[in-house]
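One structure is given here, and the rest of the page talks about it.
Values in this text are rule-based calculations from the coordinates and carry no lab data. Keep in mind the model is a prediction, meaning the values are calculated, not measured. Cβ sites come from the backbone with ideal geometry, for glycine too, and all protein chains shown count toward neighbours.
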Amino acid sequence: MRGSYWIETLGCPKNQVDSDKLAGSLLLDGYEAASGPESADVVVVNTCAFIEPARAESVETILSLSQGRRAGARLVVTGCLAARAGEELALAMPEVDVVADVGVPVELALAPRGRGASRWRPRSGETVPSLDLLEMPRRPTDAPWAYVKVAEGCDRRCGFCAIPSFRGPQRSRTLEAVLAEVDALQVREVVLVAQDLASFGRDRSARVASSSDHSELDALVPDAVDVPGIVELVEAVSARVDRVRLLYLYPSSLTDGLVDAICATGVPYFDLSLQHVSRPLLRRMRRFGNSERFLARIRQIREKAPEAALRSSFILGYPGETEEDHDELLSFIGEAELDWAGFFTFSNEDGTYAASLDGAVPESLALERLRECAELQDAITARRRAVLVGSRLEVLVDAPGIARSHREAPEIDGVIRVPTSLAAGSLVGVEVVGAEGPDLLAELVGDRRAGISSDGVVAALR
Ligand code: SF4
């Protein structure tokens with residue numbers, strides 16, 4: 001046994017998958033998981049750097065883990081902050097033993113490289129052993145669901161986003177590789193993630209040149225043509241597991257074919273990353289769409305699947321946002337009646353298009369607009385939950401007492417509270433007997449055997 005490791009993961013589900021794969025590579029290298037960061041020989045922090053608050057949290061976490069580690073333990077920092085600002089981080093934080101780029105094997109990064117080499121980069125001409133995190137094996141999971149990352153990087157150039165600058169252009173995995181990982185995970189629900197999920201496979205077929213000419217962006221409507229990659233992927237994964245769910249759908253890539261494929265999985269859950277609805281402001285964000293088009297798409301989805309659940313996320317305070325833009329967003333939220341929505345204030349990110357824009361919105365006004373939107377949405381979410389009382393649902397039990405129907409994604413939406421006697425991993429029929437804000441209360445109905453998951457019963461549920 002080479003020693004023990006602890007991985008602290010910050011940020012998004014994609015980072016969670018990267019950590020799972022880093023753990024898989026450390027296990028292969030003969031390390032074992034430590035019970036806590038204070039007892040580990042190697043402490044790894046997989047950081048997030050999307051916006052300023054995330055970077056601050058990453059630095060705080062590094063400092064607290066450095067102070068809490070045992071004497072002689074090594075501290076490795078990887079992830080987006082290492083990719084985005086590795087040099088500065090290595091210079092500013094001497095307590096960090098190694099800052100390793102995304103994908104650099106922790107084992108390799110720890111190898112002694114002489115004094116002062118705290119920023120791991122391949123020496124000139126030195127090739128990094130091809131540890132492509134995307135394709136690394138996952139350590140098995142105990143949970144009945146798992147995120148599966150199907151691509152890395154992004155080809156879009158949204159005005160507020162720096163991700164393409166440090167995660168690079170989109171690199172999709174092969175369908176076979178994704179399916180092999182799904183089979184290896186042995187879970188009942190797979191949550192597909194990527195920076196621009198609905199563009200899965202596009203980079204392999206044709207790299208779409210993105211430009212700052214907004215009419216060009218509208219010309220990107222060809223996005224509307226079925227991108228064989230994503231529909232194929234959804235159908236193939238859906239044939240292997242009880243549930244497949246998709247996160248981060250760029251609106252112009254949500255084609256009729258993809259809507260049909262998602263509805264056909266039995267999990268009509270649509271996570272539309274809209275960011276705003278005002279056409280002029282979306283153009284300043286270098287993004288597609290407007291409220292009419294989004295409302296039309298939502299209506300169409302609900303015609304196909306009346307029980308569909310919809311989520312989105314919005315940015316308040318983007319440079320140039322006017323009261324009219326904000327009023328349009330408020331009326332959209334009122335009319336769209338989404339099940340879930342997240343709101344964020346604009347973060348001025350170095351190197352992004354937005355950083356050069358005029359029309360800065362005061363932080364206090366952005367926060368005020370966020371509060372207004374969140375209040376309105378919370379009431380809508382509570383109302384949409386309350387109407388489910390009395391209905392019968394099929395739920396996946398994630399853990400004793402906690403379950404989710406097709407309407408709830410893990411970790412970001414409400415949950416359904418069920419009897420703790422139900423086994424994790426079982427798919428059971430329940431009746432909703434109450435609602436508490438975003439959460440529901442439910443009682444078991446139908447076949448109790450479903451509570452005792454055994455392959456026979458599981459297969460019967462398919
Ligand atoms: S789609 Fe836009 S917001 Fe999402 S990762 Fe790509 S550039 Fe960033």
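Amide hydrogen proximity for Ala162: with H placed 1.01 Å from N in the peptide plane, no residue at 5 or more positions away or on another chain lies under 5 Å. Each of Ala54, Val17, Pro280 was placed along the dipole of the chain (beta-carbon charges, centred on the mean Cα), and the one lying farthest toward the positive end is Val17.
Annotation: amide H-H contacts under 5 Å for Ala309 (H modelled 1.01 Å from N, sequence separation of 5 or more, or interchain): Tyr269, Phe270. Testing the spin-label approximation: label points 7 Å from Cα along Cα→Cβ at Gln186 and Ser391. State their distance in nm. Once both label points are built, they end up 3.4 nm from each other.
Using θ = phi - 60° in the Karplus curve 6.51 cos²θ - 1.76 cosθ + 1.60, the 3J(HN,Hα) couplings for segment 167-182 round to 9, x, x, 5, 10, 7, 6, 7, 4, 4, 5, 5, 5, 4, 5, 4 Hz; x is entered for Gly and Pro. Classified by the C-alpha gyration tensor, segment 10-89 has an oblate form. Its axis ratio a/c, with a ≥ b ≥ c, is 1.5 or above, and a/b does not exceed b/c. On the basis of the beta-carbon distance and an R0 of 41 Å, Leu295 and Asp142 show a calculated FRET efficiency of 0.50. The tail of the calculated P(r) for segment 136-379, taken as Cα-Cα distances beyond 28 Å, holds 34 percent of the pairs. Of all lysines in the structure, those lying under 22 Å Cα to Cα from Lys149, and not within fewer than 8 positions of it along the same chain, are Lys14, Lys21. Per-residue ellipticity at 222 nm computed for the chain from its helices equals -10500 deg cm²/dmol, with DSSP H segments shorter than 4 residues left out and the rest contributing -39,500 (n - 2.57).
For the chain, Cys12, Cys48, Cys80, Cys154, Cys263, Cys373 stand unpaired, since no other cysteine beta carbon lies under 4.7 Å from theirs.
Near Arg245, the amide H atoms lying under 5 Å from its own belong to Val190, Val191, Leu192; only residues 5 or more places off or on other chains count, and H is placed 1.01 Å from N. In order along segment 335-352, the phi-based Karplus estimate (6.51 cos²θ - 1.76 cosθ + 1.60, θ = phi - 60°) of 3J(HN,Hα) comes to 7, 6, 6, 5, 6, 9, 7, x, 10, 9, 8, 4, 10, 6, 9, 3, x, 8 Hz; Gly and Pro are listed as x.
Of the residues Tyr147, Ile315, Val259, the one whose Cα sits farthest toward the positive end of the charge dipole of the chain, with +1 on the Cβ of Lys and Arg and -1 on the Cβ of Asp and Glu, is Tyr147.
Each Lys and Arg adds +1 at its Cβ and each Asp and Glu adds -1 at its Cβ; summed about the Cα centre, the chain shows a dipole of about 920 debye. Taking only the C-alpha atoms of the chain, Rg followed by Dmax gives 22.7, 67 Å. Starting from the 7 Å offset along Cα-to-Cβ, what nm value, one decimal, do you get for the label separation of Leu376 and Ser35? Taking the two extended label points, one gets 5.1 nm.
In this structure, Glu337 and Leu91 have a Cβ-Cβ separation that, at R0 = 60 Å, corresponds to a calculated FRET efficiency of about 0.75. Under the simplified labelling scheme, the Ala355-Ser165 pair shows an inter-label distance of 0.3 nm, with each label point 7 Å from Cα along Cα→Cβ.
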